[in-house]
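Data first, discussion second: the structure below is written as structure tokens.
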Amino acid sequence: SSFLAPRNPAHQASHVSPSFSLRYTQNPNPGLSRVAFVCNRPSDAARICFEASTSRPLQLERVRHELDGVLFLQGGATTQFSSAPLNLCNSNDSADYVVTGSWSDKAFKEGQKYCNAKVVWNGKAAKYTGLPSQGDLSLTPGAKFLHICANETIHGVEFKDYPTPQGETLLIADMSSNFCSKPVDVSKFSLIYAGAQKNIGPSGVTIVIVRKDLLGSAQPITPVMLDYKIHADNNSLFNTPPCFGIYICGLVFDDLLANGGLEAAEKRNIEKAKLLYDAIDGSNAFFKCPVDKAVRSLMNVPFTMATPELEAEFIKEAAGQGMVQLKGHRSVGGIRASIYNAMPKAGVEKLVALMKAFQARHT
Ligand code: PMP
């Protein structure tokens with residue numbers, strides 16, 4: 001697939017976006033795979049860099065002060081559902097959760113164990129097909145943080161504008177399923193976490209970007225493996241890191257950079273998603289996408305057909321043509337096309353061609 005393309009030394013250039021980008025720097029040390037991940041904060045021009053390395057991790061020392069807030073961890077995004085409140089809250093602090101689908105609901109349920117977690121908006125009644133605007137949120141004054149899921153993988157809703165927390169409340173986001181799909185203004189967030197397995201690498205690597213001044217206040221019960229400060233102080237090497245997974249992430253970063261960084265990734269993702277949504281919307285309701293147009297995900301495109309039998313037939317035909325994993329999550333049914341960074345435009349075109357042919361045969 002595209003992210004396993006061979007490295008091209010001609011592309012060891014830098015690419016810097018106004019907000020959140022990746023930059024590759026020529027590796028001065030043979031054997032060290034070095035990738036700098038640069039977050040430009042428009043406010044203070046601060047930058048955070050990290051390097052992914054399998055063989056010479058101690059080389060990271062040089063940029064250590066910049067690395068403190070970017071962690072390569074384990075345990076998946078699910079572990080972060082506990083780590084986030086454990087690191088940022090006391091047990092009696094309030095924390096606000098926007099529940100926009102299955103993943104933010106799971107985050108809230110886990111958060112309840114470690115703080116006074118409240119749901120400030122819940123999309124369940126509308127089957128998680130929309131997102132709140134700022135005015136819809138009943139924010140708790142003094143809440144320690146406001147938690148959102150930037151992209152609900154199962155339901156296909158994606159924040160285009162992020163909510164603004166009030167006062168000292170910190171904004172934190174689960175970006176597991178849209179991490180590195182587009183530029184993000186990291187300065188808006190106090191904590192971003194993402195399982196690597198959608199756009200960046202194999203499952204087993206979890207990336208955390210945390211504001212450095214928030215390190216060191218974890219609840220006393222926090223297991224050592226969940227304490228951000230322990231990992232920051234140890235350069236993400238407190239225990240044996242998932243080396244091979246991190247190495248693969250490095251290859252994927254190389255490939256992203258070689259192909260124009262996050263701005264170019266976003267352009268490709270918009271183009272792919274438009275092809276699919278246009279096909280759905282132009283099908284005279286043969287295919288239907290239940291999600292509000294304004295918040296449709298660029299990564300996960302859910303759609304339905306008139307009957308479950310028709311959907312099953314479509315999924316079977318698609319599999320016959322090598323298009324697999326199109327069945328919607330068991331909790332929602334229907335069809336879901338996940339079109340992450342690695343899905344080429346040709347893959348989406350092939351799906352759209354099948355949709356048109358299938359419709360022609362069934363109407
Ligand atoms: N959050 C989101 C948005 C996800 O898509 C997923 C996994 N699909 C998770 C959390 C859980 O991630 P993990 O399996 O890495 O624990």
Only residues that are part of a loop (DSSP other than H, G, I, E, B) and under 15 Å from K160 (Cβ atoms): list them for the range 278-308, please. V291, D292, S297, L298, M299
Being more than 15 Å from Q219 (Cα to Cα), crowded, with 23+ Cβ neighbours inside 10 Å and either among the acidic types (D, E) or away from the ligand (no atom under 11 Å from the Cβ) (or both) is the filter here, so list the residues in the range 87-107 that pass it. D96, Y97, V98, V99
For the range 264-291: of the residues being touching a residue at least 24 places away in the same chain (Cβ under 8 Å) and charged (D, E, K, R), which is surrounded by the most Cβ atoms within 10 Å (Cβ to Cβ)? K272
Would a scan of the range 327-336 turn up a residue that is in a helix (DSSP H, G or I) and touching a residue at least 24 places away in the same chain (Cβ under 8 Å)? no
Checked pairs for the range 160-178, first more than 19 Å from T100 (Cα to Cα) and in contact (Cβ under 8 Å) with a residue 40 or more places away in the chain, second away from the ligand (no atom under 16 Å from the Cβ) and among the basic types (K, R), C-beta under 8 Å and 6 or more apart or across chains, list as T169/K144
For the range 79-99, pairs from a residue that is within 20 Å of L131 (Cα to Cα) to a residue that is among the polar types (S, T, N, Q) and within 13 Å of the ligand (Cβ to nearest atom), with Cβ under 7 Å and 6 or more apart or across chains, are Y97/S104; V98/S104
Can you find a residue that is touching a strand residue (DSSP E or B) at 6+ places or on another chain (Cβ under 9 Å), hydroxyl-bearing (S, T, Y), at positive phi and not assigned by TED's automatic domain parsing to the domain that holds P344 anywhere in the range 201-208? no
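When residues of the range 137-182 are filtered for being of a type in the set (G, A, S) and either within 30 Å of I339 (Cα to Cα) or within 16 Å of the ligand (Cβ to nearest atom) (or both), how many remain? Spell out the reasoning first.
First pass over the range 137-182, keeping only residues of a type in the set (G, A, S): 138, 142-143, 150, 156, 167, 173, 176-177, 181.
Still in the running and either within 30 Å of I339 (Cα to Cα) or within 16 Å of the ligand (Cβ to nearest atom) (or both): 150, 156, 173, 176-177, 181.
Selection size over the range 137-182: 6.
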Restricting attention to the range 270-278, does a residue exist that is modelled with pLDDT of 95 or more, over 30 Å from F72 (Cβ atoms) and of a type in the set (A, V, I, L, M)? yes
Among the residues of the range 168-193, write down those that are in contact with a Cys (Cβ under 8 Å, 6 or more places away or on another chain) and either among the acidic types (D, E) or assigned to a strand (DSSP E or B) (or both). A173, D174
State all residues of the range 224-235 that are touching a helix residue (DSSP H, G or I) at 6+ places or on another chain (Cβ under 8 Å) and part of a loop (DSSP other than H, G, I, E, B); if no residue qualifies, say none. D227, N235
If the requirement is being among the acidic types (D, E), part of a helix (DSSP H, G or I) and touching a strand residue (DSSP E or B) at 6+ places or on another chain (Cβ under 9 Å), which of these qualifies: E317, E311? E311
Show the residue pairs meeting these rules: Cβ distance below 7 Å; 6+ apart or different chains; first residue within the range 143-159 and of a type in the set (F, W, Y) and part of a loop (DSSP other than H, G, I, E, B); second residue within 11 Å of the ligand (Cβ to nearest atom) and modelled with pLDDT of 95 or more. F159/I148; F159/A150
Where a residue in the range 104-129 is in contact (Cβ under 8 Å) with a residue 12 or more places away in the chain and closer than 19 Å to A294 by Cα and its partner, wherever it lies, is in a helix (DSSP H, G or I) and away from the ligand (no atom under 13 Å from the Cβ), with Cβ under 8 Å and at least six apart: W121/D136
In the range 111-128, anything buried (at least 19 other Cβ atoms within 10 Å of the Cβ) and either part of a helix (DSSP H, G or I) or β-branched (V, I, T) (or both) is listed as G111, V120
Are any of the residues in the range 195-206 within 11 Å of the ligand (Cβ to nearest atom), out of contact with any Cys (no Cβ under 8 Å at 6 or more places or on another chain), not aromatic (F, W, Y) and not in a loop (DSSP other than H, G, I, E, B)? yes
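The values are calculated or read from the model by the stated rules, or taken from the named source; none is laboratory data. Predicted model, so just to flag it, every value in this text is computed and none were measured. Heads up, the Cβs are rebuilt from the backbone with ideal geometry, glycines too, and the neighbour counts pull from every protein chain shown.
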